[in-house]
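Okay, so here's the structure we're looking at.
The values are calculated or read from the model by the stated rules, or taken from the named source; none is laboratory data. Owing to the predicted nature of the structure, the values given are computational and were not obtained by experimental measurement. Here the Cβ positions follow ideal geometry from the backbone for every residue, glycine too, while neighbour counts run over all protein chains shown. The accessibility values were calculated without ligands, DNA or RNA, using every heavy atom of the protein model including side chains. Shrake-Rupley method; radii C 1.70, N 1.55, O 1.52, S 1.80 Å.
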Amino acid sequence: MILVPPEILEKYGAKLTEYEKDTVIFSEGTVAYNYYQVSNGLVKMTNYGDGSDFIQGLFAEGESFGEPALFGDFPYPASAISVSPVKLWVLRKHHFIDLLKDHFDIFYQLTRILSLRLQYKSFMLKTITCEDPDERIISVLDYFKHKMTKHASSGKMFANPLPLTRQQIADLTGLRVETVIRKIKHMETKGNFKIIKRKIYFVS
């Protein structure tokens, strides 16, 4: 679902901006000046520490990111980085506030989305405190499974391939990538999903 239709974004002065893969869109600790919405591609919000990467969230087509800092006037709590080449709608803060004042339906939908993100944060805190690696991985996979639609593949019905690498699953769960690789291979033998060309497909 697209949060703000492109024609409305353009009306309020948003610019469609392209970023190459692995580009820092904004850095942790910097001031929030813009509203960002993904036109296509994938963006992650992440924290770095002790040489590791902890992913706070992943955002795809139609999704926005970084709004809490925009509304709360506090520095970004995480960095936003393009996982793939991306196109983003970028709108200055004061124009975005005007947009929300004029479109209550969009304001309401954004409030709902931010509430769901709070729920996700609570879910992830509970997940990463679990000592069982299998439970951590399954919880994350189930969450993203519910965000994906289904399509036919190899004569069966599968969900769309999980848009995560094993490294990203490790970064979401706080596990070592070697642990994730081993556990995912074991889960496949149990029939939790299929791995086709290094992508995870859920059996419906």
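The residue that is farthest from Asp53 (Cα to Cα), among those in the stretch 161-173 that are at pLDDT 80 or above and either in contact with a strand residue (DSSP E or B) (Cβ under 7 Å, 6 or more places away or on another chain) or open to solvent by 70 Å² or more (accessible area, probe 1.4 Å) (or both), is Arg166. Among the listed residues Phe65, Phe104, Phe71, identify the single one that is open to solvent by 10 Å² or more (accessible area, probe 1.4 Å), under 29 Å from Ile128 (Cβ atoms) and not acidic (Asp, Glu). Going through Phe65, Phe104, Phe71 in turn, the sole match is Phe71.
Only strands (runs of 3 or more DSSP E) whose full extent lies in the stretch 1-81 are considered here, and the ones with at least 1 residues that are farther than 16 Å from Asp98 by Cα and at pLDDT below 95 are 34-40, 43-49, 52-59. The condition of being closer than 26 Å to Thr173 by Cβ and open to solvent by less than 20 Å² (accessible area, probe 1.4 Å) holds for only one of Ala32, Ala60, Ala78, that being Ala78.
Among residues that are open to solvent by less than 70 Å² (accessible area, probe 1.4 Å) and without any contact (Cβ under 8 Å) to a residue 12 or more places away in the chain, Ile97 is included. Conditions: (1) basic (Lys, Arg); (2) touching a residue at least 40 places away in the same chain (Cβ under 8 Å); (3) open to solvent by 50 Å² or more (accessible area, probe 1.4 Å). Arg112 meets all but one. Number of the miss? Only one criterion is unmet by Arg112, namely (2).
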